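Before any comments, here is the structure.
The values are calculated or read from the model by the stated rules, or taken from the named source; none is laboratory data. Source: prediction; values computed, not measured. Glycine also receives a Cβ, built like all others from the backbone with ideal geometry; neighbour counts cover every protein chain displayed. Just the protein is used for accessible areas: all its heavy atoms, side chains included, with ligands, DNA and RNA removed. Shrake-Rupley method; radii C 1.70, N 1.55, O 1.52, S 1.80 Å.
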Amino acid sequence: MELQILWFVLWAVLWAVYFMLDGFVLGTGMLHIFLGKNDGDRRVIINTIGPVWDGNEVWLITAGGATFAAFPTTYALMFSYLYTALLLLLFALIVRGVSFEFRGKEDSALWKRSWDFAIVVSSFLPALLFGVAFGNIFAGLPMDATGYHGSLIYLLNPYGLLTGILFVLLFLIHGALYLSVKTVGDLSRRAHAMADKLWPALLVVAVAFLGYTKFASRLYDNYFSAPYLLIVPLLAVAALLGIRILSAKGNLLGAFASSCVTILMVVFTGVIGLFPNLIPSNLDPAHSLTIFNSSSSPYTLKIMTLVVAMFLPIVIAYKIWVYRVFRGKVTVEEVLEDKQAY
């Protein structure tokens with residue numbers, strides 16, 4: 001039981017870290033043509049994330065791999081029940097990576113505009129679909145002894161879409177703050193202003209999400225039974241307010257750090273509310289997929305724990321090193337002079 005709980009915690013951490021890291025990449029992608037007023041600006045935007053975006057995907061692969069290895073039944077049924085949505089998500093992530101690489105291959109305005117549009121769409125869709133997926137998981141899927149009774153249209157229910165909008169706004173502000181830190185001059189000021197404009201909308205959607213969650217899911221049950229867990233959603237609220245306060249003071253790096261904490265705490269708030277479920281059933285709780293009825297054998301979990309203990313510190317150290325090496329601001333002059341730049 002201890003190992004199952006440990007892997008549930010690791011599963012939550014992997015997803016939270018992925019959303020924190022790839023969230024600003026998705027956000028900058030969605031803002032690409034709105035903040036980039038010319039080709040130089042747009043190249044700068046792409047090059048702020050160029051050295052790190054593919055490394056951030058490692059956390060998504062690891063989260064998926066951890067689900068497969070630690071909770072294989074959940075992995076199998078999730079990819080069966082949500083096949084169409086996950087396939088759309090995969091295609092969008094592929095197009096996003098291709099767009100970064102192909103945009104500069106031709107010196108044609110139409111060519112670049114086409115890939116600019118592809119960057120925006122392929123960044124928006126994952127942000128929305130991740131939110132819709134987690135919103136439906138929070139609310140539970142229509143599962144019983146005979147299987148899954150939903151469809152792609154079913155997933156686009158009001159609560160799922162509200163969670164999707166929440167994720168989109170979180171990532172938009174996260175990306176805008178990242179750009180305000182990583183760029184200079186007018187582009188940085190526009191990114192800062194965009195984050196300030198979007199924050200009230202995020203606050204409204206966050207409040208609506210918290211209220212709707214009480215009726216659409218059972219996420220609050222764990223918090224009612226163990227009030228000390230409320231520290232996590234309270235930290236999410238404090239970090240959300242911190243974005244506004246620090247941004248107003250001009251502390252852009254602090255505001256971005258507060259955005260990181262907001263995303264982490266929002267994901268942890270949802271996952272804590274799920275425990276011990278991984279995918280609850282909204283038809284019959286007896287058919288929910290939990291960490292106990294869908295986990296691998298104790299021996300497998302022990303081996304995986306040893307592997308994680310050896311390799312996770314290496315991954316973390318590598319990511320810290322990469323962000324330290326590329327910690328400087330990106331300028332138009334630097335991009336134009338560097339033949340290896342996007």
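Using C-alpha pairs under 8 Å with a sequence gap of at least 6, the mean separation divided by the residue count of region 208-276 gives a relative contact order of 38 percent. Checked against a 21 Å cut-off, the cross-linked pairs Lys182/Lys319; Lys105/Lys319; Lys37/Lys249 give Cα-Cα distances beyond that limit for Lys105/Lys319; Lys37/Lys249. Here the translational diffusion coefficient of region 191-314 follows from Stokes-Einstein with Rh set to the Kirkwood radius across Cα pairs; for 25 °C and 0.890 mPa s it amounts to 143 µm²/s.
Compared with the dominant principal axis of the Cα atoms in the chain, helix 231-248 is inclined by about 10°. Expressed in units of 2.2 N^0.38 Å, where N is the residue count, the Cα radius of gyration of region 101-233 is 1.36. Computed over the alpha carbons of region 71-159, Rg followed by Dmax gives 16.8, 57 Å. Taking the Cβ of Arg42 as the centre, find all other residues whose Cβ is under 9 Å away and add up their charges (Lys, Arg: +1; Asp, Glu: -1). Its environment carries a net charge of +1. The heavy atoms of Tyr159 present about 10 square angstrom of accessible area, all protein chains included, probe 1.4 Å. By the rule of a C-alpha distance below 29 Å, with chain neighbours fewer than 8 residues away ignored, the lysines paired with Lys214 are Lys197.
Net charge of the neighbourhood of Ser99, taken over other residues with C-beta under 14 Å away and scored Lys/Arg +1, Asp/Glu -1, is +3. One quarter of the surface of the convex hull around the alpha-carbon atoms of region 266-338 equals 9.2 nm², the direction-averaged projected area. Helical runs assigned H by DSSP (4 residues or longer) give the chain a calculated mean residue ellipticity at 222 nm of -26500 deg cm²/dmol, each run adding -39500 (n - 2.57) before division by the residue total. Here the dipole of region 244-342 is about 300 debye; that uses its Cα centre as origin and unit charges on the Cβ of Lys and Arg (positive) and Asp and Glu (negative). The angle between the Cα long axis of helix 72-81 and the main principal axis of the chain comes to about 70°, on a 0 to 90 degree scale.
Here the average projected area of the convex hull drawn through the C-alpha atoms of region 139-197 stands at 5.6 nm².
Once the Cα atoms are used to define both axes, helix 298-325 deviates from the longest principal axis of the chain by about 20 degrees. Within the chain, what whole-number % of the accessible surface is contributed by carbon and sulfur, with the 1.4 Å probe and all protein chains included in the calculation? Here carbon and sulfur together make up 72 percent of the probe-accessible area. Name the most mobile residue of Thr163, Thr84, Thr269, meaning the one with the largest mean-square fluctuation, in a Gaussian network model of the chain with Cα contacts below 10 Å. Among Thr163, Thr84, Thr269, the largest mean-square fluctuation in the Gaussian network model of the chain belongs to Thr84.
Taking all protein chains into account, the per residue accessible area for region 68-176 stands at 43 Å² (1.4 Å probe). Sorted largest first, the principal axis extents computed over the alpha-carbon atoms of the chain equal 60, 40, 37 Å.
The orientation-averaged shadow of the Cα convex hull for region 1-149, equal to a quarter of the hull surface, comes to 10.2 nm².
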